[in-house]
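Here is the structure we will look at.
The values are calculated or read from the model by the stated rules, or taken from the named source; none is laboratory data. Only a predicted model underlies this, so the values are computations on that prediction, with no experimental measurement involved. Glycine also receives a Cβ, built like all others from the backbone with ideal geometry; neighbour counts cover every protein chain displayed. Calculation scope for accessible area: heavy atoms of the full protein, side chains included, ligands and nucleic acids excluded. Shrake-Rupley method; radii C 1.70, N 1.55, O 1.52, S 1.80 Å.
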Amino acid sequence: MQKQFLTLFLVAMTTVLSAQITDPKATEFYEPVPPKVQAAPVTTPPPSDAIILLGKGADATEWTNGSGDAADWTVEGDALVVKAGAGAIKTRRTFGDVQLHVEWRSPNEPGKEGQQRGNSGVFFHECYEVQVLESNGSDTYTNGQAGSIYKESPPLVNVTSKMGDWNSYDIVFSSPVFNGDGMVVRPAYVTVIHNGVLVQNHWEIKGTTAYIGLHKYTAHPETGSISLQDHGNLVAYRNIWAREL
Ligand code: MG
């Protein structure tokens, strides 16, 4: 009897897991809430062997828009600011395993909440997102807050600076490896340090970031562009540099 129940249970579970998920809420989690930690952004100047992707004066020549034309986000001093509706920008160079330093600042928009407040993102291979969000004064699902691997892994702690203040990300990304048949030989891994504090510790990425449904891999070349998301919020970026690993 017990064996029969177990068989039925396994069949039911398989059916549930293979059913197509159509509700975005199915992959949003609210607990446990990562504890808040206060820390300041780390504004490390580029080391001598780094590729400067966004330096003084926010020279955007290393970036293109989705069509391959010059990136047309707004330059404000040393910062490059999202131009709402212009779309994501991506690096002209492509990267495999990489160490990336990024500084970002949420805009002042107290009238907005959750995913609508200061949303952007740093994508590796244009498809694996480290979330950028104003998560100091506004709540959302924990696997979608700042420092999360979007809809996969909440940050270990919430280190987000106050709205309108700068944050830093230091990210170590290991690219996935696919065989000739497009199967995953080695998944991608990511470590994220937010304002000097570890928030993702060698997380094994489950696949391409998706708003709806479970993540799964789609084979891609060994190297790819790093992209920054236009989610309609005027998030600013500065001092971006990369070290190829
Ligand atoms: Mg985002």
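Accessible surface computed residue by residue for the chain, with neighbouring protein chains in place and a 1.4 Å probe, gives 50 Å² per residue. P(r) for region 2-244, from all Cα pairs and a bin width of 5 Å, is 1, 7, 13, 18, 19, 17, 11, 6, 3, 2, 1, 1, 0, 0 %, short bins first. Per residue of the chain, the DSSP helices (runs of n ≥ 4 H) give a summed -39500 (n - 2.57) that works out to -2500 deg cm²/dmol at 222 nm.
Computed over the chain with a Gaussian network model linking Cα atoms closer than 10 Å, the most mobile of R105, R117, R92 is R92.
For a quick check, take a GNM of the chain with Cα springs below 10 Å and name the residue from T209, T94, T191 with the largest mean-square fluctuation. The residue that fluctuates most here is T94. For the chain, relative contact order (Cα pairs under 8 Å, six or more residues apart, normalised by length) works out to 30 percent.
Using a simple spin-label model with pseudo-atoms 7 Å out from Cα toward Cβ, T44 and K112 lie 2.9 nm apart. The angle between the Cα long axis of helix 2-18 and the main principal axis of the chain comes to about 30°, on a 0 to 90 degree scale. Simple rule: put +1 on each Lys or Arg Cβ and -1 on each Asp or Glu Cβ in region 84-140, find the dipole, and look at G118, V98, G137; the Cα lying farthest toward the positive end is V98. Rounded to whole numbers, the Karplus 3J(HN,Hα) couplings from phi for region 222-230 are 4, 10, x, 6, 9, 10, 10, 7, 9 Hz, using 6.51 cos²θ - 1.76 cosθ + 1.60 with θ = phi - 60°, and x at Gly and Pro. For the chain, a Gaussian network of Cα nodes joined below 10 Å ranks D49, D230, D170 by mean-square fluctuation, and the top entry is D49. Legend: residue pairs K36/K216; K162/K216; K112/K162; K36/K56; K90/K112, Cα-Cα distance threshold 24 Å; pairs beyond threshold, K36/K216; K162/K216; K36/K56; K90/K112.
If I compute solvent accessible area with a 1.4 Å probe over the protein chains, what percent of it on region 125-245 is carbon and sulfur? Of the solvent-accessible surface of region 125-245, carbon and sulfur hold 53 percent.
Annotation note: chymotrypsin sites (Phe, Trp or Tyr not before Pro) in region 183-245 located in DSSP loop regions with a Cβ neighbour count of at most 12 within 10 Å are Y211. Relative to one another, the C-alpha centroids of region 33-49 and region 208-245 are positioned 19 Å apart.
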